[in-house]
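Have a look at the structure below, then the notes.
The values are calculated or read from the model by the stated rules, or taken from the named source; none is laboratory data. Model, not experiment: these values are computed from the prediction. Positions of Cβ are backbone-derived with ideal geometry, glycine not excepted, and every protein chain shown enters the neighbour counts. These accessible areas exclude ligands, DNA and RNA; they are computed on the full protein's heavy atoms, side chains included. Shrake-Rupley method; radii C 1.70, N 1.55, O 1.52, S 1.80 Å.
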Amino acid sequence: MEGDKYLQQFLDETSMFNSIVLGHLLPSSWWVTLPHFLQTWLRNYIAGTLLYFISGFLWCFYIYYLKRNVYVPKDAIPSNRAMLLQIYVAMKAMPWYTLLPTVSEYMIENGWTKCFSSISEIGWFAYIMYLAIYLVIAEFGIYWMHRELHDIKPLYKYLHATHHIYNKQNTLSPFAGLAFHPLDGILQAVPHVIALFLVPTHFRSHIALLFIEGIWTANIHDCIHADLWPIMGAGYHTIHHTTYKHNYGHYTIWMDWMLGTLRDPEDDSCQKAQKVH
């Protein structure tokens, strides 16, 4: 009985999120009669789509218009056609991408994970420690998932190659961040869900991190090297798109550094300069 009461907190939270998003964007007759799982999926789908377009358009407006020729040379700006194709691929996959947070919320609501509802239950120190472990698990899992999507040829051919048609600076843009085969995008985010079974995780933090993925992937596809160690920024990720065998990491360069797959943008620039001379 006590367990059911505790799990009800998660259900109340997801119901609140559903009401906030759907209640402000859709007529109530369109969603209130839907089963809770479908309401949650619809909320995640709408929120994910809005996040993708808002972050993509704002970032493109900033780097291609307001800061034109500052960060990206004019001949390296992707064409409107290339960006529209990326949007098309991402939008085809979005209904499937947003199933992942929906399924993870379902598992949390049913008590299958180690999720907890409030930080006050464990205190800030334990929360930060658990969050750090969660992020290490996610980083480890995403590195190996990404690497195997390259190394296992059928996975690359039928899944990951969809994303790697964007293989040079003038074809990469923030909109390429979610331009994946649906199963590819889900596989690379699955470590976030696996972590829920391994380490106590704050529910809202887990959901926030899944959606932050959308902003992060937009950022690492803009070809702008921020040079902020040890962050796996766009400079590193652009090299991944051009060499196919370096910089598989997600948030940091640590996994690539430890396993010998790291290629630094600064070293890469020096090598190109030497070839020119």
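Order these peptides, 247-255, 94-102, by their mean beta-carbon neighbour count within 10 angstrom, highest first.
Values: 247-255: 21.7, 94-102: 19.3.
In descending order of packing, they fall as 247-255, 94-102.
Which of rounded, prolate, oblate describes the range 143-264, given a ≥ b ≥ c as roots of the alpha-carbon gyration tensor eigenvalues and a/c under 1.5 marking rounded, otherwise prolate only if a/b is larger than b/c?
Details: a/c = 1.41, a/b = 1.27, b/c = 1.12.
Rounded, since a/c falls under 1.5.
Report the Cα centroid-to-centroid distance between the range 1-68 and the range 167-183 in angstrom, as an integer.
Here the two parts' Cα centres lie 24 Å apart.
How far is the Cα center of the range 207-247 from the Cα center of the range 121-140, in Å?
22 Å
When the accessible area of the range 1-143 is split by element with a 1.4 Å probe, what percent falls to carbon and sulfur? Don't skip to the end; give the middle numbers.
Working: 5750 of 8300 Å².
For the range 1-143, the apolar C and S fraction of the accessible surface comes to 69 percent.
Take the alpha carbon gyration tensor of the chain, find the square roots of its eigenvalues, order them as a ≥ b ≥ c, and report rounded if a/c is under 1.5; if not, report prolate when a/b exceeds b/c, else oblate.
Numbers: a/c = 2.11, a/b = 1.53, b/c = 1.37.
Cα axes put the chain in the prolate bin.
Going by alpha carbons, how many degrees (0 to 90, nearest 10) lie between the helix axis of 80-97 and the longest principal axis of the chain?
Helix 80-97 and the main axis of the chain meet at about 30 degrees.
Suppose all protein chains stay in the model; what accessible area per residue would a 1.4 Å probe give for the chain, in Å²? Can you show the working numbers first?
Numbers: 14480 Å² over 277 residues.
Per-residue value: 52 Å².
Once you've got the Cα coordinates, tell me which of Lys5/Lys114; Lys92/Lys157; Lys114/Lys153 are over 27 Å apart. Don't jump to the answer; show the numbers that get you there.
Values: Lys5/Lys114 16 Å; Lys92/Lys157 19 Å; Lys114/Lys153 35 Å.
Check vs 27 Å cut-off fails for Lys114/Lys153.
For the chain, modelled as a GNM with alpha-carbon contacts under 10 angstrom, which of Glu13, Glu121, Glu105 fluctuates the most?
Comparing Glu13, Glu121, Glu105 in a Gaussian network model of the chain, the most mobile one is Glu121.
With a ≥ b ≥ c taken as the square roots of the eigenvalues of the C-alpha gyration tensor of the range 1-139, please select rounded if a/c is under 1.5 and otherwise prolate if a/b is larger than b/c or oblate if it is not? Write down the numbers at each step before the final one.
Numbers: a/c = 2.72, a/b = 1.60, b/c = 1.71.
Note, shape of the range 1-139 comes out oblate.
Can you send over the solvent-accessible area of His164, 1.4 Å probe, protein chains only, in Å² to the nearest 10?
Its heavy atoms expose roughly 10 Å² to the probe.
Given Cβ point charges of +1 (Lys, Arg) and -1 (Asp, Glu) and nothing else, what value in debye, to the nearest 20, does the dipole of the chain about its Cα centre take?
Numbers: 17 positive and 20 negative charges, 198 e Å.
In total the dipole reaches around 960 debye.
In terms of solvent-accessible area of protein heavy atoms at a 1.4 angstrom probe, what is the ranking of Trp31, Trp124, highest value first?
The residues order as Trp124, Trp31, largest area first.
Tell me which of Pro95, Ser29, Met107 sits at the most positive position along the dipole axis of the range 1-153, charges placed on C-beta atoms (Lys, Arg +1; Asp, Glu -1).
Pro95
Of His246, Phe125, Ile20, which is farthest along the charge dipole of the chain in the positive direction, counting Lys and Arg as +1 and Asp and Glu as -1 at C-beta?
His246
Order the peptides 66-79, 186-199 from the highest to the lowest mean number of other Cβ atoms within 10 Å of their residues. Please report the intermediate quantities before stating the final value.
On the way: 66-79: 13.6, 186-199: 18.7.
For the peptides 66-79, 186-199, the packing ranking is 186-199, 66-79.
Going by average Cβ density within 10 Å per residue, which order do the peptides 138-145, 172-179 take, highest to lowest? Spell out each step's value before the answer.
Details: 138-145: 19.6, 172-179: 27.1.
Put in order of decreasing packing, that is 172-179, 138-145.
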